[in-house]
Amino acid sequence: MKVSFVDQRPDGQYALAIPVWSEDMLADRLAGLDEAGRTLAARAAEAQRFEREVAAIAESFITEGDSARRLLIVGLGGKRDDEALYERVGGALTARLLTSGETKLVVDLTGLDLDGEAAARLGFGAAARAWRYDVYRTKLVKKAQPTLEEVVIVGGGKGADKAWADEAALLEGISFTRELVTEPANVIYPETFVERARKHLEPLGVEIEVLDEKAMTELGMNALMGVAIGSARPPRLLAMRWNGGGDARPVVFVGKGVTFDTGGISIKPAQGMEAMKWDMGGAGAVAGAMKALAIRKARANVVGVCGLVENMPDGKAQRPGDVVTSLSGQTIEVINTDAEGRLVLSDAMAWTQRRYKPEVMVDLATLTGAMIISLGYEYGGLFSNDDGLAQQLTDAGLKTGDKVWRMPLGEAYDKLMDSPIADMKNSGPREGGSITAATFLQRFVEEGVKWAHLDIAGMVWANKAGHLYDKGATGYGVALIDRFVKDNFEG
């Protein structure tokens, strides 16, 4: 979707949106209409019980010059510091108009005294909500086809175009993540994930390194390889490096990339298993964030690593009770082959620390169903060995809407992962399942490394529309990473 910023409303046919803070402002904002238009708009707002709450819309039609115009009055709420306020407003307008037959929306911010950043954020919300993936639809009824192509923002204030450059970069990254997560597992699997990352990232200057199954076996990445051996799709370890920060050590992000998860021998129930194509949402977020950072030429050194496997049941597949030796040298008793993501991450994290010697490492993973039981679909779970890092990630989440909530770690939880025959087991009791999974990962964090684990199982896919996405892939994590890097690692 095209987004532009101008000083005056254009001529021609379009839908007009007028954002308002208060009832008095509504009267002022409608003053530019003729008497009939003011009466219609005010009556429509009253009839639709419009109370100016955030992203609420009252719709009517007015005559303006030679045009019969759709008029949308949209609420801004009562507080200017509401989380993701302007993104929510932009998204609501697109949701209303995307398949309405309108091709152009003009949002008039004149007189609201907003800065360029607020205007750009509104444009971002509008464009993000317009994302669709209709590649496999051969028959789409006309009324379901998107028509909205352009959003023009009037009176956005100084700096809107500059602020939009960063928002547009973020939008590209989120779109890439949504694409990866939406694609079916017969299209995106470890090898094709790598191919798609090369296509999107190498032209932007991102350095790509890939380890195949032979290289990982020779290195001793038996935890990751144990997950992969049941599939005909060979695994890959993908490393993406952006060098924008001089000689500084990179901040690294590690993503779980299980491109399809049957559960392996500990097979999942058939109902709903098709959703497990998005079990690579952590890796998808890392890849999308690398694209956003590269497009806006982030002044930081950032590495993204994705452990890419498919978890399938087969005659060669890993069995419950098997013991594997991880790259770190620690041994793991495999209690449940459906607790595979932590096995993949353990070797990916160990390799990342050996290769890049980071001070800060953050992993993102759709790791546990227990996380959804704890936090529902509103927050990602945050676990960390460093209070400062946890606060930085929390702040970035609040600023972007990719919210996280800190969960506990501790010795009592860690002991639950001890095995009677190996250094640890990969699955503990049902109680505190997301916490024990995090303590498992913590055993692979080297001394002195500030580490955070984001369990985003409830966040990468939505069964109902949100203010920035329709049903399906959300792109969660990209904005969080981008803002975290911008606030804490760019000079």
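Looking only at residues of segment 179-190 that are open to solvent by less than 10 Å² (accessible area, probe 1.4 Å) and either in contact with a strand residue (DSSP E or B) (Cβ under 7 Å, 6 or more places away or on another chain) or modelled with pLDDT under 95 (or both), we find that the one that is farthest from Gly475 (Cα to Cα) is Pro190.
Filtering segment 249-281 to residues that are touching an Asp or Glu at 6+ places or on another chain (Cβ under 8 Å) and either β-branched (Val, Ile, Thr) or within 17 Å of Val485 (Cα to Cα) (or both) leaves Arg249, Val251, Phe253, Val254, Gly255, Val258, Thr259, Ile267.
Against the conditions (1) open to solvent by 30 Å² or more (accessible area, probe 1.4 Å); (2) part of a loop (DSSP other than H, G, I, E, B); (3) among the hydroxyl-bearing types (Ser, Thr, Tyr), Tyr476 satisfies every one except (1). Among the residues of segment 141-160, which ones are open to solvent by less than 10 Å² (accessible area, probe 1.4 Å) and assigned to a helix (DSSP H, G or I)? If the condition is that a residue be open to solvent by less than 10 Å² (accessible area, probe 1.4 Å) and assigned to a helix (DSSP H, G or I), then Ala160 is the only one that fits.
Looking at this structure, is Thr138 in a helix (DSSP H, G or I) and either more than 22 Å from Met25 (Cα to Cα) or at pLDDT 95 or above (or both)? When the stated conditions are applied, Thr138 does not pass them.
Among the residues making up segment 93-125, a single one is in a helix (DSSP H, G or I), under 19 Å from Gln13 (Cα atoms) and out of contact with any Lys or Arg (no Cβ under 9 Å at 6 or more places or on another chain): Arg96.
Of note, Ala412 does not satisfy the criterion of being in contact (Cβ under 8 Å) with a residue 12 or more places away in the chain, at negative phi and not charged (D, E, K, R). Restricted to segment 34-89, and to residues there that are among the aliphatic types (A, V, I, L, M), part of a helix (DSSP H, G or I) and more than 26 Å from the chain's Cα centre (by Cα), the residue that is nearest to Lys403 (Cα to Cα) is Ala45.
Please work out if Thr436 is β-branched (Val, Ile, Thr), in contact with a strand residue (DSSP E or B) (Cβ under 8 Å, 6 or more places away or on another chain), without any contact (Cβ under 8 Å) to a residue 24 or more places away in the chain and not in a loop (DSSP other than H, G, I, E, B).
On the way: β-branched (Val, Ile, Thr): yes; in contact with a strand residue (DSSP E or B) (Cβ under 8 Å, 6 or more places away or on another chain): no; without any contact (Cβ under 8 Å) to a residue 24 or more places away in the chain: yes; not in a loop (DSSP other than H, G, I, E, B): yes.
Here the answer is no, as Thr436 does not meet what is asked.
Residue pairs whose Cβ atoms lie under 7 Å apart, sitting 6 or more positions apart in sequence or on different chains, and linking a residue in segment 58-69 that is loosely packed, with under 13 Cβ neighbours inside 10 Å to a partner that is in a strand (DSSP E or B), are Ala68/Phe61.
The criterion of at least 3 residues that are buried (at least 24 other Cβ atoms within 10 Å of the Cβ) and in contact with a strand residue (DSSP E or B) (Cβ under 8 Å, 6 or more places away or on another chain) is met, among strands (runs of 3 or more DSSP E) falling completely within segment 282-351, by 301-311.
The values are calculated or read from the model by the stated rules, or taken from the named source; none is laboratory data. These numbers come from a predicted model, not from an experiment. Cβ atoms come from the backbone with ideal geometry, glycine included; neighbour counts cover every protein chain shown. Remember, those area values only see protein heavy atoms, side chains included, never the ligands or the DNA or RNA. Shrake-Rupley method; radii C 1.70, N 1.55, O 1.52, S 1.80 Å.
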